[in-house]
């Protein structure tokens, strides 16, 4: 949490400015113990099982984490070429716009795919339980 926000809270002088007005600033946290996925729209101190979690830094997709995005009617059909074993799998896929987030939780031995309403989706995130968080901007998809 930034020092300014923390001081405002401690001094009980909370500034009413909406620091989290843009969903594109989303941050994701994943608990290494239970796999709990937590989303915040701005800086946050997140704890799970007594352990402080750090916001994940999204990497660009690579050859081991290829994402395919197709437009089907009014939806994006998103598929990730990735194994889905109990040991190594994609945990979630999220579509984010300036004011909305859609997230689909995935499970081992299922398919790494989801459908999202197009509604201005500007960025996709997905999380591999072994390699971390990845992101891609739809208009940069080949």
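The values are calculated or read from the model by the stated rules, or taken from the named source; none is laboratory data. A quick note: this is a predicted structure, and the numbers were derived from the prediction, not measured. Neighbour counts are summed over all protein chains in view; Cβ atoms, including those assigned to glycine, are modelled from backbone coordinates with ideal geometry.
Numerical summary
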quantity: Residue tally, condition closer than 16 Å to residue 133 by Cα and either surrounded by 15 or more Cβ atoms within 10 Å (Cβ to Cβ) or touching a residue at least 60 places away in the same chain (Cβ under 8 Å) (or both), over region 42-61; calculated: 8
quantity: Qualifying residue in region 65-87 (condition: touching a strand residue (DSSP E or B) at 6+ places or on another chain (Cβ under 9 Å), surrounded by 15 or more Cβ atoms within 10 Å (Cβ to Cβ), modelled with pLDDT of 95 or more and within 18 Å of residue 38 (Cβ to Cβ)); calculated: no
quantity: Strands (runs of 3 or more DSSP E) wholly inside region 39-97 containing at least 3 residues that are closer than 12 Å to residue 124 by Cβ; calculated: 66-72, 75-81, 90-96
quantity: Selection within region 111-122 - surrounded by fewer than 19 Cβ atoms within 10 Å (Cβ to Cβ) and either part of a strand (DSSP E or B) or touching a strand residue (DSSP E or B) at 6+ places or on another chain (Cβ under 7 Å) (or both); calculated: 113, 115, 117, 118, 122
